[in-house]
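The structure appears below as structure tokens.
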Amino acid sequence: MEHVERVGRKKVYEGAVIDVYQDTMRLADGREEKWDFVDHRMGAAAVVAVTNDGKLIMVRQYRPALDRYTLELPAGKRDSLTEDTLVTAKRELSEETGYESDDWKKILSVRTTVAFCDEHIDIYLAANCRKTSGQHLDPDEDIDILEYDADFLKKKIQAGEIEDAKTIAGIMSYLVLKGEN
């Protein structure tokens, strides 16, 4: 069995949500290479939020990494390393959309970009969502709330119009749970 070993790590950036490291890795043949690693310290939660009439609640927001707006599941990072991701999911659904649910189920955990990042997102299904208030956005957020049929969103995924990994994983898992492919 081949073996890869980290023999050094240097922090090159410390941010509010992530730290970036340059790792020195010893490969199986003895060569050493530099690899980048992004540590997403907090982890996150996302929500497949379904209304009583079967619509999925989506958020549209600007993403500077892509320099465009994206259509995504409601989601956000944990407030602390010990916060249960279900607490995170409930908070983010309420803050971003003004919706709440009493019917929650964890459906999936994903690692978003395993080649260089350790970000972990738990994805929950919130059924029978109801509007209870308006949005409670962070000062840097500008989010539109939209509702779509799951089949329409599946077509947007297949057309390459939805590219966000957590959103694709959540919607496709929801369709599998419903017995659809």
Completion exercise
Going through (1) closer than 18 Å to Arg60 by Cβ; (2) acidic (Asp, Glu); (3) in contact (Cβ under 8 Å) with a residue 12 or more places away in the chain; (4) not in a strand (DSSP E or B) one by one, Glu147 fails only at (4)
Practice task
Residues being in contact with a His (Cβ under 9 Å, 6 or more places away or on another chain) and among the charged types (D, E, K, R): count how many of those fall in the stretch 92-106.
Solution key: 2
Exercise for the section: Confirm whether Leu93 is out of contact with any helix residue (DSSP H, G or I) (no Cβ under 9 Å at 6 or more places or on another chain) and surrounded by fewer than 14 Cβ atoms within 10 Å (Cβ to Cβ). Expected result: no
Practice task
Of all residues in the stretch 87-117, count the ones that are at pLDDT below 95 and assigned to a loop (DSSP other than H, G, I, E, B).
Solution key: 6
Exercise for the section: Scan the stretch 109-125 residue by residue and report those that are open to solvent by less than 50 Å² (accessible area, probe 1.4 Å) and either closer than 16 Å to Asp84 by Cα or not polar (S, T, N, Q) (or both). Expected result: Val110, Cys117, Asp118, Glu119, Ile121, Asp122, Ile123, Tyr124, Leu125
Fill in the blank from the handout: Subset of the stretch 145-154, residues of a type in the set (Asp, Glu) and surrounded by 13 or more Cβ atoms within 10 Å (Cβ to Cβ), comes to Glu147
Exercise for the section: State which residue pairs qualify: first residue surrounded by 11 or more Cβ atoms within 10 Å (Cβ to Cβ) and at pLDDT 90 or above and inside the stretch 1-22, second residue among the acidic types (Asp, Glu) and in a loop (DSSP other than H, G, I, E, B) in any location, beta carbons under 8 Å apart, and separation of 6 or more residues or different chains. Expected result: none
Problem - Residue tally, condition touching a strand residue (DSSP E or B) at 6+ places or on another chain (Cβ under 7 Å) and acidic (Asp, Glu), over the stretch 142-181 - result: 4
Practice task
Inspect the stretch 120-130 for any residue being of a type in the set (Asp, Glu) and over 30 Å from Thr24 (Cβ atoms) and give the result as yes or no.
Solution key: yes
Fill in the blank from the handout: Per the list (1) touching a residue at least 40 places away in the same chain (Cβ under 8 Å); (2) loosely packed, with under 15 Cβ neighbours inside 10 Å; (3) more than 20 Å from Glu147 (Cα to Cα); (4) not acidic (Asp, Glu), residue check on Asn128 breaks on (3)
Practice task
Kindly establish whether Gly30 is touching a residue at least 12 places away in the same chain (Cβ under 8 Å) and part of a loop (DSSP other than H, G, I, E, B).
Solution key: no
Exercise for the section: Starting from residues that are under 20 Å from Asp53 (Cβ atoms) and without any contact (Cβ under 8 Å) to a residue 24 or more places away in the chain, keep the ones in the stretch 155-181 and report whichever is least open to solvent (accessible area, probe 1.4 Å). Expected result: Gly179
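The values are calculated or read from the model by the stated rules, or taken from the named source; none is laboratory data. Note that the coordinates shown come from a computational prediction; the quantities given were computed from them, not determined experimentally. Here the Cβ is made from the backbone with ideal geometry for all residues, glycine too, and neighbour counts use every protein chain on show. For the accessible areas, the whole protein counts, side chains as well, though only heavy atoms, and no ligand, DNA or RNA atoms are used. Shrake-Rupley method; radii C 1.70, N 1.55, O 1.52, S 1.80 Å.
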